[in-house]
Amino acid sequence: VQYTDYYGHYTCATQGATVETTLDGQYFRIADNCGPISATTTCDGELDLGVAGGINCSVPDGASAGNTNAARSAYYGLNLANRKARFWVSGNSWLDTSQVECRTNTFGACNASWGNNTINMFNAAGGCGNTAQIQAVVVHEWGHGFDENDGGDFDNSSEAYADVAAMFESRDSCIGPGFRQTETCPNFGDTCLTCTGVRDQDWDARILHTPATPTGFNDVYCPTGSGPCGFQVHCESHVPAESMYDLATRDLPAMGIDPDSAWQLAERLWYQSRPGSGGDIFNCALPASDRCAVGSWYHQLRVQDDDDGDLTNGTPHASAIFAAFDRHDIACGLAG
C-alpha cells in the first residue's frame, strides 16, 4: 500500500501498471452506503475521481457506485483537520496512527454522529443537506473523536469542543452552513440571522445580538441537561465556543493583530492546550460562574500563552483572553 502526500502526489513504482484508490487511507477510511469506492489509472497518470452534479448516490459518469460527492468531500475535509491537529499536537497516538472509519450517505436525515472510532454522516433528506458534504459538520464529528482521544476525559460540553474544531477549520461562526435547506438555525430561541447550519457561535449574528452567558442565556433558553450549569449540552456550548470565536475575531484583532494571525494564534493556543483536557470547560453553580479551575479552558489558554515560563508576570495576550471569556462571564481574576 502506498499513500499520497498532502497534495495527492504518489510515486510510480512500475510504469504502465494499474494504480487504484478506494479512499482507504492512512488516517481515514470511507465506507459509502451507495456502494464500493474504486478509481483507477495507469501509473504514472492522474488519478481523477471526477465530479458529480447531484447529491447522495450521484456519481461521475462511469464511476464506481461509492465515488460520491459525500465520500470525496468527507475524505478531504477529515484529512485536512487531522493534518492541522498533528501539526499543533505532537505525540498523540490517535492522531498519528489510528484509522477512523467515516460512513457516508447513511440512511436518515438531519444528523451526524461519532462513536466507536466511527463517524456517521447522513444523506440529504427531510429538508437537510448531505452532512458529509458540509465541512463543518464532518469536522465537528471528528472533533468529538479528538476530544475522546486527547488524553483526558470528554470535555463538558463536548459540543463546544467539536464546534471550536469546526470553526478553526472553516473560520466561520456558522457551524455547517447548508445543513438546513429552508430556514436559519432556531438556536434555542435566539434565532440565527443568516446561518443555515446547526448553530451560530457569533452572538452578534443572532436576533438578540447579546453574548451568551450562564445566567443570560443558559438558564433562560437551555433545556435541562448535563452541561456545566445543568442544561442541555448543545445549548451550553454557546458560552465557551462564543468565547473562542470572540478571541479569534474580536479581542486579538483589538490588540492590533491582523485577522489571519489572530485566527492562527487562537487556534494554536486551543490545540496546544488539548492534551489531557477533560471535565467541565468552566465552573458553574448558578448564579455564579467562572473559569478558576485549573483544568478550565481559560487557564489552559493562559498557560499555553505564557512565553517565558514565569506565571507571575502575565502572558503576552492576557488582556485579549480575559476580555473574550469575561464577556461571557467565565473568566477568572483580572485582565493582567
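Observations on the model:
- Filtering Arg327, Arg268 for residues that are at pLDDT 90 or above, within 17 Å of the chain's Cα centre (by Cα) and among the basic types (Lys, Arg) leaves a single hit, Arg268.
- Set His144, His140: member being in contact with a Ser or Thr (Cβ under 7 Å, 6 or more places away or on another chain) and not hydroxyl-bearing (Ser, Thr, Tyr): His144
- Residue within segment 27-38 that is in contact with a Ser or Thr (Cβ under 9 Å, 6 or more places away or on another chain), modelled with pLDDT under 95 and farther than 14 Å from Ala132 by Cα present: no
- Consider segment 182-212 and keep the residues that are open to solvent by 10 Å² or more (accessible area, probe 1.4 Å) and in a helix (DSSP H, G or I). The one that is nearest to Cys110 (Cα to Cα) is Phe188.
- Scanning segment 107-132 for residues that are open to solvent by 40 Å² or more (accessible area, probe 1.4 Å) and under 17 Å from Asn82 (Cα atoms) returns Trp114, Asn117.
- Just one of the listed residues (Ser243, Ser261) is buried (at least 24 other Cβ atoms within 10 Å of the Cβ), among the hydroxyl-bearing types (Ser, Thr, Tyr) and on the phi < 0 side of the Ramachandran plot, namely Ser243.
- Matching option when the condition is under 18 Å from Glu159 (Cβ atoms) and modelled with pLDDT under 95, among Cys284, Cys235, Cys292, Cys222: Cys284
- Look at segment 210-229: where a residue is under 18 Å from Arg291 (Cα atoms) and hydrophobic (A, V, I, L, M, F, W, C) and a partner is modelled with pLDDT under 95 and in a loop (DSSP other than H, G, I, E, B), sitting 6+ places away or on another chain with Cβ atoms under 7 Å, you get Cys229/Leu286.
- Asp147 vs. criteria assigned to a helix (DSSP H, G or I) and more than 15 Å from Phe179 (Cα to Cα): yes
- Test: residue in segment 14-33 that is touching an Asp or Glu at 6+ places or on another chain (Cβ under 7 Å), open to solvent by 50 Å² or more (accessible area, probe 1.4 Å) and within 29 Å of Ala166 (Cβ to Cβ): yes
The values are calculated or read from the model by the stated rules, or taken from the named source; none is laboratory data. Keep in mind the model is a prediction, meaning the values are calculated, not measured. So basically every Cβ, Gly included, is an ideal-geometry build from the backbone, and we count neighbours across all protein chains shown. These area figures cover heavy atoms from the full protein model, side chains too; ligands, DNA and RNA do not enter into them. Shrake-Rupley method; radii C 1.70, N 1.55, O 1.52, S 1.80 Å.
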